[in-house]
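This report concerns only the one structure given below.
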Amino acid sequence: MRWSQLYVPTLREDPADADAASHRLLVRAGFVRQLMAGHYSLLPMAVRVRGKIVDVVREEMARIGSQEWILPAVHPAEIWQRTGRWEGMGEEMFRLKDRKGADLALGMTHEEIFTTLAQELSSYRQLPQMWYQFQTKFRDEPRPKSGLLRVREFTMKDSYSFDLDQAGLDRSFDLHHAAYTRIFARVGIPAIPVQASSGSMGGSASVEFMAPTPAGEDLVVHCPACRYAANVEKADSALPAAADGEALAAPERFDTPEARTIEELARLHGVPAEQQIKTLVLVADGRPLLALVRGDHSLVEQKLLDATGARTVRPADADEIKGLLGALPGSLGAVGVAGVTGSADGTGLTVLADHALAGRTGMTTGANQDGVHLRGVDVARDIAVTRWADLREVRAGEPCVQCGEALEVVQTVEVGHIFKLGRKYTEALDVTVLGQDGAAVKPIMGSYGIGIERAIAAIVETHHDEKGIAWPVAVAPFEVAVVPIGKADEQTAAVVDDLYGRLRAERIDVVLDDRDERPGVKFADIELVGIPYRITVGPRGLKDGVVEVTTRATGETVQVPVAEAAAQVAALVRAAVAPLAG
C-alpha cells in the first residue's frame, strides 16, 4: 500500500472533547470519527487493526475447537421474555416495534438466540459444543464517554458452550480462560483475570479480564504477592478486628443535634467511625430494606443485588425514609426495627448486615429520631438481622484474604468476561438431550465475551507516548513504513521500490510513504499512527550503502546495509509476533 492512496486524516491538535488517551489519539491519528454520542465510524486504519485482532481471536477460538456462526442482531421479544430478561435488562436494551406492531430488541447479547438454536441438539453424543460469533451489540449506555471505551454500538466476540454436566462446563470454562489469556497477551493488553459478579447474566462463576488504565471506571482489588484478584463488586479481604466501644446493659440515647454524618459524629462526639453503624434505606425491586455496614465502610451495590437476588436497587427518598423509620437521614438505625424474621406478622423490613458487624458491641447508631443517637448497641442483642452478607467495599492496604499481604486497588476497564451460566437458559427455553442412560438432560452452559473495539482502545491506553500510538506488531495497521527522504533521484527510487517489493514478498504488511512532504511531516505522522518499524531511505545514507531502521516502541535508530535491510526488518517483525502466536 502507498500512503498517497490511504485515507489517514491526522490532526495536529488534540480533540477538545477527548478525555481518555485512546480517545484522543485514535481521533488524532485518523482511526475513528464520532457520528453521535456512543457511535463511532472506524476509518481504514482502524479497520486494519480490528481485522488483526479478529484474526487473533479466530485462531485462538479454533485452537480450543469453537465454531463460528453469525446470528441476527434484531431479536423477537418473546425469546427474551421467556428468560425474564426482557424486563430485567432495563433501559439499556434498545426496544422497537416492526410495522406489524411486534416487539423487537436490538441484541445486547445472544444467550437466548444461541440457546434457541441449541434446541436442535438431541443426544449427549453431540456434546460438548462451543459456538461463537462476531456481531454488533447495542446497549443504551446512559453516559457514553472515553471514545471506544464506553459506547452504545460495538462488536462483540461472544462464545457459548453446551455441556452435559458440570465437569464438562468446567473444562469449557478453563479452555476459554486459557484462550483469553493468550489472546490478550498476543494483542498487547496486560489483562488481569479477576473474580467478578455474574450480574444479570446469572450463573455460578464469573471471571473478568481487566486492563489497567486511568480511563477505566472499574476498580480491581489485587494482591501483588499471591496474585489474588477480584472486581471490587466481588472482592473480599481479611479485615482486622476493630475495637468495640463501651458495652452497656441496653442502648442509651444521647442528643446529637448537629451530627448528621459519620464524620460529624466522630468529630463532635468522639465516636470512631469503626464503632458506628451506617444505616442505608434502599428500595430493591420495589421493596424497602435496610443495609447495615460499619461506619468507615462503603456499601457495594452489586454485592447487595447478589445477596438479595434483586434486579434493581435505588436509595429511598426522604419521604419514604420518614414513613418507614420516622426520621430523616442522619439519625437512622435498625435498633427496634422489626426484621422479617423477627416480626410476629411477617411484615417487617428486611435487614441486611455486613459480616464486619457480626459480634460487635458498644456500637453507636441512629435512634430513628431526628438529632438523637444510641450508644452501647450490641448488634446480636439489639438488631433483628434478617441476613448476613458481604456488602462492604474492600480498600487498598487491607490484608489479602489468601496470603495476608497488603492489597492494591487498580483502576481498570473490562476487556473480556467469562461466565458459568448453568442451566438458566436451557431450562427457560426447554433445551433437552438424551443422556447416556436414555434420561432427558438439560445441557449446562457457559458464556464468554470480548469487546473488539474496546480492545483497540485498551491497546492504545497501554501502548502510547507523547508522540502518539505505539502499536504492538501483531495488531499494527502496518508493520513497516518505508520512507524516502531528500531530493528524489533514480538511485533512491530504485532502493525504495526494491525494499518495498522485498518486504511484500516476505509477506510483511508494509506501507510506502510516497507523499511529497517534508521528512518531519512524514516522521510525525508515522509516529502518531504508531507503525512499529520505519526504514528511512535518503541520498546521504545511500552514499555509504546504508538505510536507517527506527523502532517505534523504543525510538532506537540503527544503520543497516541496504542489501540486508529487508531481511533484517522482516526478522524483527517475525520475532515480535512468533513467541506469542506459538
- [ ] On the full set of protein chains, 1.4 Å probe, figure out the accessible area of Asp163 and give it in Å² to the nearest 10.
- [x] 10 Å²
Task: Ala310-Met1 FRET efficiency (beta carbon distance; Förster radius 51 Å; 0.05 resolution) - done: 0.40
Task: Low-density loop positions, trypsin sites (Lys or Arg not before Pro), region 466-569 - DSSP coil, at most 16 other Cβ in 10 Å - done: Lys467, Lys487, Arg507, Arg515
Open item on the list: Could you tell me the relative contact order of region 116-264? Use alpha-carbon pairs under 8 Å, at least six residues apart, and round to a whole percent.
Closed with: 14 percent
Open item on the list: Restricted to Cα positions, what overall size does the chain have along the principal axes? Three whole-Å values, descending.
Closed with: 99, 67, 51
Task: Proximal lysines to Lys97, defined as alpha-carbon separation beneath 23 angstrom and excluding residues fewer than eight positions away on the same chain - done: Lys137
TODO: Could you do me a favour and compute the accessible area per residue for the chain, 1.4 Å probe, result in Å²?
DONE: 44 Å²
Open item on the list: Please compute the length gained on full extension between Arg287 and Arg515, using 0.36 nm multiplied by the number of residues separating them and subtracting their Cα-Cα distance.
Closed with: 75.4 nm
TODO: Please list, or write none, the aspartates and glutamates whose alpha carbon is within less than 13 Å of the alpha carbon of Lys467, excluding same-chain residues fewer than 8 places away.
DONE: Glu13, Asp14, Asp525, Glu527
- [ ] For region 1-36 and region 509-562, compute the distance between their C-alpha centroids and round to whole Å.
- [x] 21 Å
Task: Exceeding the 29 Å Cα-Cα cut-off - candidates Lys157/Lys442; Lys145/Lys522; Lys100/Lys442 - done: Lys145/Lys522; Lys100/Lys442
Open item on the list: Need the full-extension length gain, Ile70 to Glu246, defined as separation in residues times 0.36 nm minus the C-alpha distance. One decimal, nm.
Closed with: 56.8 nm
- [ ] Using +1 at the Cβ of each Lys and Arg and -1 at the Cβ of each Asp and Glu in the chain, identify which of Gln276, Val521, Ala77 lies farthest towards the dipole's positive end.
- [x] Val521
TODO: Let me have the relative contact order for region 421-555, percent, based on Cα pairs under 8 Å that are six or more residues apart.
DONE: 24 percent
Task: region 272-312, dipole about Cα centre (Lys/Arg Cβ +1, Asp/Glu Cβ -1), debye to the nearest 20 - done: 100 debye
TODO: Return one number: the angle in degrees, 0 to 90 and rounded to the nearest 10, between the long axis of the Cα atoms of helix 562-581 and the longest principal axis of the Cα atoms of the chain.
DONE: 20 degrees
Task: Full-stretch length increase - Thr181, Ala567 - with 0.36 nm per residue and alpha-carbon distance subtracted - done: 135.8 nm
TODO: Work out the length of the dipole vector of the chain about its Cα centre, built from +1 on the beta-carbon of each Lys and Arg and -1 on the beta-carbon of each Asp and Glu, and round it to the nearest 20 debye.
DONE: 1120 debye
Open item on the list: With a cap of 14 neighbouring Cβ atoms within 10 Å, and only residues DSSP puts in a loop, list the GluC sites (Glu not before Pro) found in region 223-275.
Closed with: Glu246, Glu258
- [ ] Determine the order of His373, His464 by accessible area, beginning with the largest, at a probe radius of 1.4 Å.
- [x] His464, His373
Open item on the list: How high is the relative contact order of the chain? Use alpha-carbon pairs under 8 Å, at least six apart in sequence, and give a whole percent.
Closed with: 17 percent
Task: Per DSSP, loop GluC sites (Glu not before Pro) in region 427-525 with at most 12 further Cβ within 10 Å - done: Glu466
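The values are calculated or read from the model by the stated rules, or taken from the named source; none is laboratory data. All values reported here derive from a predicted model rather than from experimental measurement. Neighbour counts are summed over all protein chains in view; Cβ atoms, including those assigned to glycine, are modelled from backbone coordinates with ideal geometry. The accessibility values were calculated without ligands, DNA or RNA, using every heavy atom of the protein model including side chains. Shrake-Rupley method; radii C 1.70, N 1.55, O 1.52, S 1.80 Å.
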